[in-house]
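J.: After the structure tokens below, expect a handful of questions from me.
The values are calculated or read from the model by the stated rules, or taken from the named source; none is laboratory data. The structure displayed is predicted, hence computed values, not measured ones. Glycine also receives a Cβ, built like all others from the backbone with ideal geometry; neighbour counts cover every protein chain displayed.
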Ligand code: GLA
């Protein structure tokens with residue numbers, strides 16, 4: 001049941017609350033967090049293993065001074081490589097790149113932002129730093145003490161534990177994986193601090209079927225993105241069909257943004273941003289926010305496109321048609337409007353037509369172009385736009 005239905009019918013809301021969220025239920029917290037797809041920044045795509053406290057502070061500063069915070073980007077997320085050894089009591093510590101996590105968290109919070117962190121259910125993270133295996137509750141308590149607001153929990157070396165303990169039993173391995181995520185979910189809940197829970201296990205075992213059950217506010221649906229049109233588009237367009245699994249509090253995550261990292265053209269980055277918005281994907285910028293040119297800013301802070309991603313209904317969009325490399329996708333928006341994106345995945349510019357009936361409109365529609373920021377007036381029947389190679393034209397249609 002989607003949130004807007006619950007809001008619309010208070011009686012059903014109560015019934016739903018009793019049926020679905022019995023007292024102390026694991027789902028109570030995860031449903032109120034991430035009502036729209038999380039927005040923010042993550043250190044990995046640009047800084048990878050080199051990220052430091054100073055880089056994270058600079059990202060927080062830039063998030064405010066660039067206008068990104070006011071455009072909705074709130075989470076400042078430290079990815080892998082912050083971890084130090086465990087102390088004599090088994091508490092996780094930070095390494096020398098992060099001298100004082102509580103002070104960093106106070107700094108980030110003082111800017112009106114939230115701080116995210118990263119760990120693994122395995123003994124080691126993907127970059128070989130200590131993971132949370134056997135220390136789940138202790139780590140959750142430490143995060144809460146530091147003032148952490150978001151945890152990305154990355155399978156990494158837990159895959160090896162699964163293989164060792166259930167060598168020839170794939171089903172048993174998947175059960176172990178789900179249990180490992182559920183374990184950290186329970187640990188986070190028992191801290192009583194609202195902490196967004198981000199599942200990262202690359203989509204194994206159709207995570208969208210069970211992600212909400214283990215408290216996932218978002219779950220990676222794929223392997224890692226990189227800063228190339230080929231990888232970004234393979235991941236992005238492969239999200240077709242997943243829309244029914246997303247809802248407020250629970251999002252499909254096709255991985256973080258590469259906008260501004262330098263290896264795609266502006267048209268390709270506009271495709272990236274448009275597709276992620278149509279997908280109601282988390283918008284986690286992955287570039288160096290302290291060094292953004294005006295094109296990067298105009299893409300990351302396109303308020304019309306962000307509004308599509310963040311629409312309160314929380315309905316993920318999906319593919320309407322694919323004619324060879326020419327694709328039309330649409331996403332329902334509040335008030336009966338629709339976002340519609342025309343993608344050209346071919347080698348040259350080409351005119352793409354959207355038939356309004358195919359996206360649910362009969363009769364005249366009002367159209368706005370969300371990249372040129374121009375009102376196209378009232379249109380009837382269809383609209384044709386010349387779309388550049390690897391590019392997009394994105395519209396908002398309403399009655
Ligand atoms: C995995 C994840 C990435 C990143 C790295 C860090 O590859 O999928 O997003 O977190 O680990 O080591």
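J.: When you go through 40, 90, 49 one by one, which is the residue that is at pLDDT 95 or above and part of a helix (DSSP H, G or I)?
T.: Values: 40 fails: part of a helix (DSSP H, G or I); 90 fails: part of a helix (DSSP H, G or I).
Being at pLDDT 95 or above and part of a helix (DSSP H, G or I) holds for just one of 40, 90, 49, which is 49.
J.: Of all residues in segment 67-79, which are over 20 Å from residue 312 (Cβ atoms) and surrounded by 23 or more Cβ atoms within 10 Å (Cβ to Cβ)?
T.: 68, 76, 77, 78, 79
J.: Now for a separate question. Among the numbered criteria (1) in contact (Cβ under 8 Å) with a residue 40 or more places away in the chain; (2) closer than 30 Å to residue 300 by Cα; (3) in contact with a strand residue (DSSP E or B) (Cβ under 7 Å, 6 or more places away or on another chain), which single criterion is violated by residue 85?
T.: Of everything listed in (1) in contact (Cβ under 8 Å) with a residue 40 or more places away in the chain; (2) closer than 30 Å to residue 300 by Cα; (3) in contact with a strand residue (DSSP E or B) (Cβ under 7 Å, 6 or more places away or on another chain), residue 85 misses just condition (2).
J.: Residues of segment 125-162 being part of a helix (DSSP H, G or I) and more than 22 Å from residue 211 (Cα to Cα), which ones? It would help to see each step written out before you state the result.
T.: First pass over segment 125-162, keeping only residues part of a helix (DSSP H, G or I): 136-146, 158-162.
Of everything in segment 125-162, those that are part of a helix (DSSP H, G or I) and more than 22 Å from residue 211 (Cα to Cα) turn out to be 138, 141, 142, 144, 145, 146.
J.: While we're on this one: Among the numbered conditions (1) surrounded by fewer than 19 Cβ atoms within 10 Å (Cβ to Cβ); (2) within 12 Å of the ligand (Cβ to nearest atom), tell me where residue 64 comes up short.
T.: Answer for residue 64: the failing condition is (2).
J.: Does residue 149 meet the test of being within 16 Å of the ligand (Cβ to nearest atom) and touching a residue at least 24 places away in the same chain (Cβ under 8 Å)?
T.: Values: within 16 Å of the ligand (Cβ to nearest atom): no; touching a residue at least 24 places away in the same chain (Cβ under 8 Å): yes.
No, not satisfied.
J.: If you don't mind, there's one more thing I want to ask. Do we have any residue at all in segment 163-172 that's surrounded by 23 or more Cβ atoms within 10 Å (Cβ to Cβ) and in a loop (DSSP other than H, G, I, E, B)? Give the derivation first.
T.: Quick first cut of segment 163-172, residues surrounded by 23 or more Cβ atoms within 10 Å (Cβ to Cβ) only: none.
So far as segment 163-172 goes, no, none of its residues is surrounded by 23 or more Cβ atoms within 10 Å (Cβ to Cβ) and in a loop (DSSP other than H, G, I, E, B).
J.: Can you pull out every residue in segment 183-204 that is in a loop (DSSP other than H, G, I, E, B) and within 16 Å of the ligand (Cβ to nearest atom)?
T.: Restricting attention to segment 183-204, the residues satisfying the condition of being in a loop (DSSP other than H, G, I, E, B) are 190-195, 201-204.
Correct list: 201, 202, 203, 204.
J.: Continuing with this model, one more query. Right, residue 116: touching a residue at least 40 places away in the same chain (Cβ under 8 Å), within 16 Å of the ligand (Cβ to nearest atom) and farther than 15 Å from residue 145 by Cβ or not?
T.: Spelling it out, residue 116 is indeed touching a residue at least 40 places away in the same chain (Cβ under 8 Å), within 16 Å of the ligand (Cβ to nearest atom) and farther than 15 Å from residue 145 by Cβ.
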